Amino acid sequence: METAAPDLSEPHEGDSNKNTMEPPADNIQMESIIKDIKVLLNKYNNPKEHVNNYLQKVEKEIENNGVETEYFIHRNKVKKYIEKHPYFKNPCNYHIRLLTVMKYLKKKGIDINIKDFDLVVDEIIQEIDGVKKIGEGKYIKALKG
């Protein structure tokens, strides 16, 4: 039994000739966030701390507004696990790689399959006192004493 194929030469009844598109509310919010970050960058010589504080406020606002993300990363929990890594508890004169830290987090039960999770871990590692980034995915912690 054959079914009739729709005639594609005729326009759909719901089509209209108007091509006006308004940006969704999310885009407007993103534009205002980008403008705010640009203001912070222009206002301060070293705006890293101010930008981080602003982004944390934005994350809390998104969380409070009920905007659900697929995964929410608990930065403090991840930071505590990273600080418990044997390298960060007892550093040596050799560097540690991001891959090693990611494997450690996976072993501890943290889902590392979240999109851009490695970038978040990179930021968290750099926030730890005495840690310097010496290359792409390589960090060294200053020895005490």
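The values are calculated or read from the model by the stated rules, or taken from the named source; none is laboratory data. Because the structure is predicted, anything quoted here is derived from the model rather than measured. Cβ: placed from backbone, ideal geometry, glycine included. Neighbour counts: every protein chain shown.
Please go through the stretch 102-114 and pick out each residue that is among the charged types (D, E, K, R) and either without any contact (Cβ under 8 Å) to a residue 24 or more places away in the chain or surrounded by 18 or more Cβ atoms within 10 Å (Cβ to Cβ) (or both). Hits for the stretch 102-114 are Lys103, Lys106, Lys107. Scanning the stretch 95-129 for residues that are over 17 Å from Arg75 (Cα atoms) and either in contact with a Phe, Trp or Tyr (Cβ under 9 Å, 6 or more places away or on another chain) or not assigned by TED's automatic domain parsing to the domain that holds Lys79 (or both) returns His95, Ile96, Arg97, Thr100.
Yes/no matrix, rows are residues, columns are (1) surrounded by 11 or more Cβ atoms within 10 Å (Cβ to Cβ); (2) modelled with pLDDT under 80; (3) touching a strand residue (DSSP E or B) at 6+ places or on another chain (Cβ under 6 Å):
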site: Glu10; (1), (2), (3): no, yes, no
site: Gly14; (1), (2), (3): no, yes, no
site: Thr20; (1), (2), (3): no, yes, no
site: Lys35; (1), (2), (3): no, yes, no
site: Leu41; (1), (2), (3): yes, yes, no
site: Gly66; (1), (2), (3): no, yes, no
site: Ile82; (1), (2), (3): yes, no, no
site: Lys89; (1), (2), (3): no, no, no
site: Thr100; (1), (2), (3): yes, no, no
